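K.L.:
Below: one structure in structure tokens.
Just so you know, all these numbers are worked out from the coordinates, no wet-lab data involved. Fair warning: this is a prediction, and the values are worked out from it, not measured in the lab. Here the Cβ positions follow ideal geometry from the backbone for every residue, glycine too, while neighbour counts run over all protein chains shown.
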Amino acid sequence: MLHLPDGSYDVIVVDTETLEDGDVRIEVTITLGPHVGEIVALRARHVENRRADVSVDHPSDLLGVCGTLRVREGVPFFRPEIA
């Protein structure tokens, strides 16, 4: 996996997949700054649907969704921008 310095990055979801163990793999690409175009793979364990407009049963609903990737102490956190 690409090691990003701590900070915030504008991203867009380019791929998603539900894995056999129930985890969700999300790939985002960075859209601005010195790392533009780089792809970051994220893995979410036991994702819960906390918003009615986001379906974790079908993570492909996130394809094309913009968001913010925050890295703190080397740990990435992804927040989709969904109205």
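K.L.:
Using the Cβ atoms and a cut-off under 9 Å, what net charge is assigned to the surroundings of Thr68, where Lys and Arg are +1 and Asp and Glu are -1?
P.N.:
0
K.L.:
Excluding Thr29 itself, calculate the net charge of residues whose Cβ lies under 13 Å from the Cβ of Thr29, where each Lys or Arg counts +1 and each Asp or Glu counts -1.
P.N.:
Working: positive: none; negative: Asp10, Asp15, Glu27, Glu38.
Combined, the nearby Lys, Arg, Asp and Glu give -4.
K.L.:
Compute the signed sum of charges (Lys and Arg +1, Asp and Glu -1) over the other residues within less than 11 Å, Cβ to Cβ, of Phe78. Working shown, then result.
P.N.:
Details: positive: Arg43, Arg70, Arg79; negative: Glu27, Glu81.
Around Phe78, the charge tally is +1.
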